[in-house]
């Protein structure tokens with residue numbers, strides 16, 4: 001079997017489609033490192049310890065930037081490109097090929113020019129001449145499959161370009177914090193051929209705004225950003241969930257992660273103090289708590305944190321939250337303390353103080369090349385489907401037979417649906433009716 005036939009075989013096409021679907025399913029079942037929180041990753045590893053080595057080898061935590069996924073896309077691109085070329089050749093033949101002589105059909109008595117004029121008025125265009133004339137209504141309908149396959153080629157090619165060159169970085173930012181281009185990302189993902197995403201300028205998170213519904217659920221998350229180009233005035237922009245900002249070729253997204261960050265001062269028995277910020281997602285309601293777990297290099301124990309937006313459970317926009325900290329040795333609690341802003345307490349051997357509270361959120365920066373190709377591809381797919389199902393070609397062939405022409409009508413698709421149209425056209429040409 002030659003290589004061309006291999007890529008055009010039904011088995012190859014079905015296998016590639018199955019592999020692409022399997023990759024998408026794997027990405028939906030296995031948490032992706034760029035989108036999942038560290039706690040979600042740890043939870044998955046604990047729930048499926050036997051799959052952890054396989055996930056590491058296959059890169060299941062970053063499916064769309066793995067070499068094997070790019071390889072599948074490349075093979076699919078080759079297969080679809082060859083198939084599209086075949087569809088184009090087939091469409092060309094169907095559109096412009098001469099018609100075979102009509103041996104059996106209806107007889108009409110018109111001159112060539114009169115026959116052509118009558119058929120033109122009914123939307124039938126002359127596409128081939130010779131001994132037998134061929135007229136086609138909606139000849140572009142022959143190109144539906146070609147456009148459909150061409151659209152899939154565009155989508156796959158653009159997806160491959162994205163998989164190879166995409167750059168993404170996310171930042172867990174606190175109000176007032178400035179991120180510089182040389183600072184490390186909280187989480188980063190890049191394509192196989194891409195380098196590190198570098199912002200062209202520093203960016204500052206000025207404010208995080210949460211608005212609420214009457215039932216105290218979060219309605220919208222918005223972040224006010226300031227871009228700080230060197231030697232130029234700062235540029236301010238607001239990014240919201242589902243309302244991105246495009247800044248100098250980089251698209252900025254607001255994630256759904258947002259809440260309060262608690263600055264907690266830990267003082268050990270020797271009197272050494274250090275402040276740590278504990279970001280926690282905003283609770284779902286007044287009665288519910290937001291949760292997060294933390295680990296510190298100076299303490300082997302896990303710190304579990306939760307907070308309620310209002311210590312008195314009265315206002316969803318309260319400025320006096322209640323923070324509860326627990327020190328855990330596996331499943332055993334070794335200390336617990338509840339704090340409001342400015343309060344102090346004891347947590348195990350540490351003296352702790354809630355020094356301050358500020359908003360935090362995650363901002364996502366993405367640089368992609370190829371999304372326009374994806375949109376173009378889907379447009380071509382829709383166009384191809386429309387041509388295929390909405391404009392099926394109908395053809396009439398006419399062979400000169402004294403004293404006029406012998407004609408035959410056919411449709412390429414939906415014969416039962418268009419049979420009456422063909423019969424009416426033939427009866428009109430015979431002078432027995434009006435179409």
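Any read-out appearing in this document is the output of simple, stated calculations on the displayed coordinates, not a laboratory observation. All values reported here derive from a predicted model rather than from experimental measurement. For neighbour counting, all protein chains shown are included, and Cβ atoms are generated from backbone atoms with ideal geometry for every residue, glycine included.
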Per q in 0.16 Å⁻¹, report the Debye log10 I(q)/I(0) for region 45-127, using one uniform scatterer on each alpha carbon and no solvent. -0.86
Relative contact order for region 167-367, counting Cα pairs under 8 Å that sit 6 or more residues apart, in percent: 21
So for the chain, considering every pair of alpha-carbon atoms, how many percent are separated by more than 42 Å? 43
FRET efficiency for residue 97 and residue 28, using Cβ-Cβ distance with R0 set to 60 Å, rounded to 0.05: 0.85
I need the calculated FRET efficiency for the pair residue 248 and residue 213, taking r as the beta carbon distance and R₀ as 35 Å, to the nearest 0.05. 0.50
R0 of 22 Å, Cβ-Cβ distance residue 235-residue 180: FRET efficiency to nearest 0.05: 0.85
Exposure-ranked with fewest Cβ neighbours within 10 Å first, 223, 372, 285 stand as 372, 285, 223
On full extension of the chain, what length is gained from residue 256 through residue 50, given 0.36 nm per residue of separation minus the C-alpha to C-alpha distance? 71.1 nm
Computed over region 1-69, Kirkwood Rh from alpha-carbon pairs, angstrom: 13.7
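Quick one: in region 167-367, what % of C-alpha pairs are over 25 Å apart?
Details: 9062 of 20100 pairs.
Tail of the P(r) past 25 Å holds 45 percent of the pairs.
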Say each of residue 15 and residue 188 gets a label point 7 Å from the Cα, pointing the same way as Cα to Cβ; how far apart are those two points in nm? 3.7
Contour minus end-to-end for residue 40 and residue 340, with contour as 0.36 nm per residue of separation and end-to-end as the Cα-Cα distance? 105.2 nm
